[in-house]
Amino acid sequence: MLDYLILPVTPFAQNCSLIWEEATRRAAVVDPGGEVDGIMAEIAGRDLQVEKILLTHGHIDHVGGTAELARRLGVPIEGPQREEAFWLDQLPEQCRMFGFPDTPALQPDRWLEDGDTVTVGGMTLDVLHTPGHTPGHVCFVHRPSKLALVGDVLFAGSIGRTDFPRGNHAELIRAIRGKLFPLGDDFSFIPGHGPMSTFGEERRNNPFVADWA
Ligand SMILES: [Zn+2]
(Lines give C-alpha, C1' and ligand atoms only; values in the text may rest on other atoms or scores of the structure.)
Protein backbone atom coordinates (compact mmCIF):
# COMPACT_ATOMS: atom_id res chain seq x y z
CA MET A 1 0.00 0.00 0.00
CA LEU A 2 0.98 3.60 -0.55
CA ASP A 3 1.57 5.90 2.40
CA TYR A 4 2.18 9.63 2.16
CA LEU A 5 3.13 12.77 4.02
CA ILE A 6 2.30 16.29 2.89
CA LEU A 7 4.97 18.93 3.61
CA PRO A 8 3.92 22.50 2.79
CA VAL A 9 7.02 24.35 1.56
CA THR A 10 7.95 27.85 0.39
CA PRO A 11 6.06 31.09 1.16
CA PHE A 12 3.36 29.73 -1.22
CA ALA A 13 2.67 26.75 1.13
CA GLN A 14 3.08 24.36 -1.75
CA ASN A 15 2.23 20.75 -0.88
CA CYS A 16 5.47 18.86 -1.43
CA SER A 17 4.56 15.20 -0.87
CA LEU A 18 6.53 12.18 0.20
CA ILE A 19 4.95 8.98 -1.09
CA TRP A 20 6.23 5.53 -0.18
CA GLU A 21 5.48 1.84 -0.29
CA GLU A 22 4.67 0.77 3.27
CA ALA A 23 6.26 -2.67 3.01
CA THR A 24 9.63 -1.63 1.53
CA ARG A 25 9.79 2.07 2.51
CA ARG A 26 10.93 2.84 -1.02
CA ALA A 27 9.80 6.39 -1.79
CA ALA A 28 9.49 9.33 -4.15
CA VAL A 29 9.37 13.08 -3.48
CA VAL A 30 6.71 14.92 -5.46
CA ASP A 31 7.21 18.63 -6.19
CA PRO A 32 10.05 19.63 -3.85
CA GLY A 33 9.61 23.37 -4.18
CA GLY A 34 12.16 24.30 -1.51
CA GLU A 35 13.17 23.80 2.14
CA VAL A 36 15.38 20.88 1.16
CA ASP A 37 16.87 20.45 4.66
CA GLY A 38 13.38 19.91 6.07
CA ILE A 39 12.50 17.39 3.36
CA MET A 40 15.76 15.53 3.99
CA ALA A 41 14.99 15.40 7.72
CA GLU A 42 11.55 13.88 7.11
CA ILE A 43 13.08 11.29 4.78
CA ALA A 44 15.73 10.32 7.34
CA GLY A 45 13.27 10.34 10.26
CA ARG A 46 11.03 7.85 8.48
CA ASP A 47 13.90 5.70 7.21
CA LEU A 48 12.72 6.07 3.61
CA GLN A 49 14.75 5.01 0.59
CA VAL A 50 14.01 7.72 -1.98
CA GLU A 51 14.27 6.43 -5.56
CA LYS A 52 13.25 9.48 -7.57
CA ILE A 53 11.73 12.93 -7.71
CA LEU A 54 8.43 13.38 -9.54
CA LEU A 55 7.35 16.77 -10.90
CA THR A 56 3.82 17.81 -11.80
CA HIS A 57 4.82 21.08 -13.49
CA GLY A 58 7.52 23.72 -13.75
CA HIS A 59 6.40 26.57 -11.50
CA ILE A 60 9.09 27.64 -9.06
CA ASP A 61 7.12 26.83 -5.89
CA HIS A 62 6.87 23.21 -7.12
CA VAL A 63 10.40 22.69 -8.43
CA GLY A 64 12.69 25.17 -6.64
CA GLY A 65 14.39 22.54 -4.45
CA THR A 66 14.55 19.84 -7.12
CA ALA A 67 18.11 20.22 -8.40
CA GLU A 68 19.59 20.37 -4.90
CA LEU A 69 17.50 17.46 -3.61
CA ALA A 70 18.34 15.32 -6.67
CA ARG A 71 22.02 16.01 -6.12
CA ARG A 72 21.96 15.28 -2.38
CA LEU A 73 19.93 12.08 -2.78
CA GLY A 74 21.57 10.99 -6.03
CA VAL A 75 18.21 10.26 -7.67
CA PRO A 76 16.68 11.01 -11.09
CA ILE A 77 13.90 13.48 -11.90
CA GLU A 78 10.82 12.23 -13.77
CA GLY A 79 8.20 14.55 -15.30
CA PRO A 80 6.57 16.77 -16.25
CA GLN A 81 5.47 16.40 -19.89
CA ARG A 82 7.83 17.82 -22.50
CA GLU A 83 5.81 21.02 -23.16
CA GLU A 84 6.80 22.12 -19.65
CA ALA A 85 10.28 23.00 -20.91
CA PHE A 86 8.54 26.33 -21.52
CA TRP A 87 8.57 26.94 -17.73
CA LEU A 88 11.62 24.92 -16.68
CA ASP A 89 13.82 26.90 -19.08
CA GLN A 90 12.60 30.10 -17.40
CA LEU A 91 13.43 29.13 -13.81
CA PRO A 92 16.03 31.91 -13.38
CA GLU A 93 13.39 34.48 -14.39
CA GLN A 94 10.77 32.86 -12.15
CA CYS A 95 13.19 33.05 -9.22
CA ARG A 96 13.74 36.75 -9.72
CA MET A 97 10.03 37.43 -10.18
CA PHE A 98 8.92 35.59 -7.03
CA GLY A 99 11.97 36.20 -4.82
CA PHE A 100 13.26 32.62 -4.72
CA PRO A 101 16.95 31.67 -4.38
CA ASP A 102 18.66 31.55 -7.77
CA THR A 103 17.91 28.30 -9.60
CA PRO A 104 19.30 27.34 -13.01
CA ALA A 105 17.09 25.97 -15.79
CA LEU A 106 16.09 22.38 -15.08
CA GLN A 107 15.95 19.37 -17.39
CA PRO A 108 14.37 16.16 -16.04
CA ASP A 109 15.99 12.79 -16.64
CA ARG A 110 12.72 11.55 -18.08
CA TRP A 111 9.90 13.48 -19.73
CA LEU A 112 6.48 11.87 -19.21
CA GLU A 113 3.60 11.44 -21.62
CA ASP A 114 -0.09 10.76 -21.10
CA GLY A 115 -0.52 7.04 -20.47
CA ASP A 116 3.02 6.50 -19.16
CA THR A 117 3.58 4.90 -15.78
CA VAL A 118 6.11 5.63 -13.05
CA THR A 119 7.20 3.19 -10.36
CA VAL A 120 7.97 3.70 -6.68
CA GLY A 121 9.20 0.47 -5.15
CA GLY A 122 6.74 -2.15 -6.34
CA MET A 123 3.96 0.40 -6.88
CA THR A 124 2.90 1.70 -10.27
CA LEU A 125 1.38 5.16 -10.76
CA ASP A 126 -0.38 6.24 -13.95
CA VAL A 127 0.58 9.51 -15.64
CA LEU A 128 -2.11 11.85 -16.96
CA HIS A 129 -1.20 14.86 -19.12
CA THR A 130 -3.46 17.63 -17.81
CA PRO A 131 -2.64 20.95 -19.52
CA GLY A 132 -4.41 24.24 -18.87
CA HIS A 133 -2.66 25.67 -15.80
CA THR A 134 0.62 25.03 -17.65
CA PRO A 135 1.14 23.26 -20.99
CA GLY A 136 3.08 20.24 -19.75
CA HIS A 137 1.35 19.65 -16.39
CA VAL A 138 0.94 16.00 -15.36
CA CYS A 139 -0.96 14.24 -12.57
CA PHE A 140 0.08 10.99 -10.86
CA VAL A 141 -2.56 8.38 -10.01
CA HIS A 142 -2.21 5.34 -7.75
CA ARG A 143 -5.34 3.38 -8.56
CA PRO A 144 -5.07 0.71 -5.83
CA SER A 145 -5.07 3.49 -3.19
CA LYS A 146 -7.63 5.60 -5.07
CA LEU A 147 -5.25 8.56 -4.70
CA ALA A 148 -4.16 11.22 -7.17
CA LEU A 149 -1.50 13.94 -6.92
CA VAL A 150 -2.86 16.75 -9.07
CA GLY A 151 -0.50 19.72 -8.64
CA ASP A 152 -2.17 22.99 -9.55
CA VAL A 153 -4.92 21.51 -11.73
CA LEU A 154 -7.61 21.16 -9.07
CA PHE A 155 -8.00 22.35 -5.48
CA ALA A 156 -10.62 21.84 -2.78
CA GLY A 157 -13.26 24.30 -3.99
CA SER A 158 -11.17 25.85 -6.76
CA ILE A 159 -9.07 25.21 -9.86
CA GLY A 160 -5.66 26.27 -11.12
CA ARG A 161 -4.94 29.74 -12.44
CA THR A 162 -4.96 30.04 -16.22
CA ASP A 163 -3.83 33.65 -16.57
CA PHE A 164 -0.14 32.74 -17.03
CA PRO A 165 1.42 32.62 -20.51
CA ARG A 166 0.23 29.44 -22.26
CA GLY A 167 -2.52 28.92 -19.69
CA ASN A 168 -5.84 27.78 -21.16
CA HIS A 169 -9.07 27.73 -19.15
CA ALA A 170 -11.04 25.47 -21.52
CA GLU A 171 -8.19 22.95 -21.61
CA LEU A 172 -8.00 22.92 -17.82
CA ILE A 173 -11.72 22.25 -17.44
CA ARG A 174 -11.46 19.50 -20.06
CA ALA A 175 -8.56 17.88 -18.18
CA ILE A 176 -10.46 17.91 -14.88
CA ARG A 177 -13.76 16.64 -16.27
CA GLY A 178 -12.31 14.39 -18.94
CA LYS A 179 -9.36 12.80 -17.14
CA LEU A 180 -9.60 13.27 -13.35
CA PHE A 181 -13.32 12.93 -12.59
CA PRO A 182 -13.70 9.69 -14.61
CA LEU A 183 -11.28 8.04 -12.15
CA GLY A 184 -14.17 7.94 -9.69
CA ASP A 185 -15.97 9.97 -7.03
CA ASP A 186 -14.23 7.99 -4.29
CA PHE A 187 -10.71 9.04 -5.36
CA SER A 188 -8.91 11.34 -2.93
CA PHE A 189 -6.49 13.90 -4.27
CA ILE A 190 -3.53 15.88 -2.95
CA PRO A 191 -3.57 19.33 -4.54
CA GLY A 192 -0.59 21.62 -4.92
CA HIS A 193 -1.95 23.95 -2.24
CA GLY A 194 -4.47 23.62 0.58
CA PRO A 195 -6.37 20.65 1.97
CA MET A 196 -7.10 17.31 0.33
CA SER A 197 -10.51 16.48 -1.11
CA THR A 198 -12.22 13.87 -3.27
CA PHE A 199 -13.37 14.09 -6.88
CA GLY A 200 -16.92 13.35 -5.71
CA GLU A 201 -16.85 16.32 -3.35
CA GLU A 202 -15.60 18.62 -6.14
CA ARG A 203 -18.25 17.30 -8.54
CA ARG A 204 -20.88 18.27 -5.97
CA ASN A 205 -19.57 21.59 -4.67
CA ASN A 206 -16.69 23.11 -6.70
CA PRO A 207 -18.16 26.22 -8.39
CA PHE A 208 -15.79 25.87 -11.37
CA VAL A 209 -16.23 22.20 -12.24
CA ALA A 210 -19.25 20.85 -10.34
CA ASP A 211 -21.76 18.92 -12.44
CA TRP A 212 -24.15 21.90 -12.18
CA ALA A 213 -21.49 24.54 -13.04
ZN1 LIG B 1 1.57 26.24 -10.69
*Tell me which of these Arg96 doesn't satisfy, since it passes every other one: (1) modelled with pLDDT under 95; (2) buried (at least 19 other Cβ atoms within 10 Å of the Cβ); (3) not in a loop (DSSP other than H, G, I, E, B).*
(2)
*Residue tally, condition within 16 Å of the ligand (Cβ to nearest atom) and within 16 Å of the chain's Cα centre (by Cα), over region 45-88*: 21
*Of all residues making up region 149-179, the number that are within 16 Å of the ligand (Cβ to nearest atom), assigned to a helix (DSSP H, G or I) and in contact with a strand residue (DSSP E or B) (Cβ under 9 Å, 6 or more places away or on another chain)*: 4
_Anything in region 59-90 that is surrounded by fewer than 17 Cβ atoms within 10 Å (Cβ to Cβ), part of a loop (DSSP other than H, G, I, E, B) and in contact with an Asp or Glu (Cβ under 8 Å, 6 or more places away or on another chain)? List them, or say none._
Pro76
*Please state which one of Thr119, Thr103, Thr56, Thr24 is closer than 19 Å to Pro144 by Cα and outside any strand (DSSP E or B).*
Thr24
*Write out, first by first residue and then by second, each pair whose Cβ atoms fall under 6 Å of each other, whose residues are 6+ apart or on separate chains, and whose first residue, in region 136-154, is under 18 Å from Arg166 (Cβ atoms) and of a type outside the set (Asp, Glu) while the second is part of a helix (DSSP H, G or I) and within 13 Å of the ligand (Cβ to nearest atom).*
Gly136/Glu84
*Say whether the condition of being of a type in the set (A, V, I, L, M, F, W, C), away from the ligand (no atom under 16 Å from the Cβ), surrounded by fewer than 22 Cβ atoms within 10 Å (Cβ to Cβ) and under 22 Å from Gly65 (Cβ atoms) is met by at least one residue in region 103-114.*
yes
*Output the residue which, of all residues in region 122-137 that are in a strand (DSSP E or B) and under 12 Å from the mean Cα position of the chain (by Cα), is nearest to Tyr4 (Cα to Cα).*
Val127
*Could you tell me whether Gly34 is surrounded by 19 or more Cβ atoms within 10 Å (Cβ to Cβ), more than 22 Å from Asp116 (Cβ to Cβ) and small (Gly, Ala, Ser)?*
yes
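The values are calculated or read from the model by the stated rules, or taken from the named source; none is laboratory data. It should be emphasised that the depicted structure is a prediction, and the values quoted were computed from it without experimental measurement. Positions of Cβ are backbone-derived with ideal geometry, glycine not excepted, and every protein chain shown enters the neighbour counts.
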